[in-house]
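Okay, structure first, notes after.
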Amino acid sequence: MADEVGFVSMAGAKAEGDAPEIGVGMLGYAFMGKAHSNALKKLPYMMYPPVAIPKLVAVAGRNEGAVAEAARRYGYAGYYTDWRKMLENSAIQVFDNGGPNDAHAEPCIAAAQAGKHVFCEKPLARTAEEAKSMLDAVTKAGVKHMVAHNYRFVPAIMQARKLIESGALGRIFHFRAVYLQEWIIDPNFPKIWRLDKKLAGSGALGDLGSHIIDLARFLVGEPTKVMGMTKTFITERPLPDGSGMGKVDVDDAFTALVEFENGAVGTLEASRFCQGRKNHEVLEINGENGSIQFDLERLNELNVFWAGDEPKETRGFHNTLISESYHPYWANWWPHGHMIGWEHSFVHEFHHFFEALVNNKAVAPYGADFEDGYRNAVICDAIVESAQSKRMVDIRY
């Protein structure tokens, strides 16, 4: 209703066919908690009209002061210091697990048994056996499930997938990917949970390698064999509480040779010991008709080579800006050339998940479901087995 100065209030206004509200309960509030919360809040007004409106019901964490502050900061209606209690809240339809790796299996399984749809950070689990128990739980419960392999939802990566699906590259010969960081190279850096096998499952392999393994499967197909090597450069680190030194029992780096079901071969490498590298994820795919190269730190671009380009005198790789309205997801953002960033991939993946919920669609093949998370864990385990046995290992699901 308009007042005397022409102001029209929208308070309580409803439109026909309004998107449903879906209650979210999140475990964890640190790095991924921030990324997920940011995406959930952006989704309704950027992926417009929204397929669903996430309602931030509660966040759970062990440290009451920190979780209370996270609830205030991110706009959750309340908080819990026990995720089990949170799962009893009937207002929560989606359980969002952004906790550390050792807190993936038990809460996700319990959420599925409580009838909640489950969204879980990567890697899905510390081992293939643990991942299989999670896959079995969500399958038995009949709930939707998704693993947060957000790089699938970078527009340039999705565009690469569509090019490959179209047959434009022809037969694929090679896939190579590296994921390099530098943040634990200091020997005085403490032994945090990511450096403890009991908590993390693995080191660079699960933290970074799971991303490029997922992209290898997403873009090229199923690996059938791997030959791996792992290395721990610093075997003892200061304990966070200052009580002495602790053994580092996860890998600092790994490399692997991969053979794919379609006959392609590839290499995978990840390390957290690369001076100067901040978040250097680079991949290249070589096919009979051309090649595609992607760099995460320049995520709005693809470098593309087409064998048939004319004139041949100037044939070579060319840089393509992935920012046109016809590129994946761009119609929801800005005019071409106005770049988006890393955090927007989370908006896209949550949109995909909620669309699967509301319209009862499958999460796969464009989203990673728990089957993808399980297969990723099998490959990680095979790389470790190969490194220990010093032989090539067949991938068996």
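The values are calculated or read from the model by the stated rules, or taken from the named source; none is laboratory data. Source: prediction; values computed, not measured. Because the Cβ atoms are built from the backbone with ideal geometry, glycine has one as well, and the counts that use them run over all protein chains shown.
Okay, here's what the table says:
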{"read-out": "Residues of region 348-366 that turn out to be within 19 Å of R217 (Cβ to Cβ) and outside any helix (DSSP H, G or I), as a count", "value": "5"}
{"read-out": "Residue in region 203-230 that is nearest to C380 (Cα to Cα), counting only those that are in contact with an Asp or Glu (Cβ under 6 Å, 6 or more places away or on another chain) and crowded, with 21+ Cβ neighbours inside 10 Å", "value": "L205"}
{"read-out": "Out of R72, R84, sole residue that is surrounded by fewer than 20 Cβ atoms within 10 Å (Cβ to Cβ) and in contact with a helix residue (DSSP H, G or I) (Cβ under 9 Å, 6 or more places away or on another chain)", "value": "R84"}
{"read-out": "Qualifying strands (runs of 3 or more DSSP E) (wholly inside region 215-294; at least 3 residues being within 23 Å of the chain's Cα centre (by Cα) and of a type in the set (A, V, I, L, M))", "value": "253-260, 280-287"}
{"read-out": "Qualifying residue in region 319-341 (condition: more than 20 Å from S166 (Cβ to Cβ) and surrounded by 20 or more Cβ atoms within 10 Å (Cβ to Cβ))", "value": "yes"}
{"read-out": "Subset tally (residues that are over 15 Å from N97 (Cβ atoms) and either in contact with a helix residue (DSSP H, G or I) (Cβ under 6 Å, 6 or more places away or on another chain) or in contact (Cβ under 8 Å) with a residue 60 or more places away in the chain (or both)) for region 25-53", "value": "10"}
{"read-out": "Qualifying residue in region 110-117 (condition: within 22 Å of V59 (Cβ to Cβ), among the polar types (S, T, N, Q) and surrounded by fewer than 18 Cβ atoms within 10 Å (Cβ to Cβ))", "value": "yes"}
{"read-out": "Matching entry among P187, P123 (being under 28 Å from P240 (Cβ atoms), in a loop (DSSP other than H, G, I, E, B) and not assigned by TED's automatic domain parsing to the domain that holds W330)", "value": "P123"}
{"read-out": "Odd one out for A70, checked against (1) part of a helix (DSSP H, G or I); (2) among the small types (G, A, S); (3) out of contact with any Gly (no Cβ under 8 Å at 6 or more places or on another chain)", "value": "(3)"}
{"read-out": "Near pairs, Cβ below 6 angstrom, 6+ apart or cross-chain, from region 191-212 (on the phi < 0 side of the Ramachandran plot and part of a helix (DSSP H, G or I)) to any residue that is polar (S, T, N, Q) and surrounded by 21 or more Cβ atoms within 10 Å (Cβ to Cβ)", "value": "A200/N101; A204/S271; S210/N376"}
{"read-out": "Cβ pairs under 6 Å, 6+ apart, first in region 106-125 and under 16 Å from M86 (Cα atoms), second among the aromatic types (F, W, Y) and not in a helix (DSSP H, G or I)", "value": "A111/F95; K116/F95; V118/F95"}
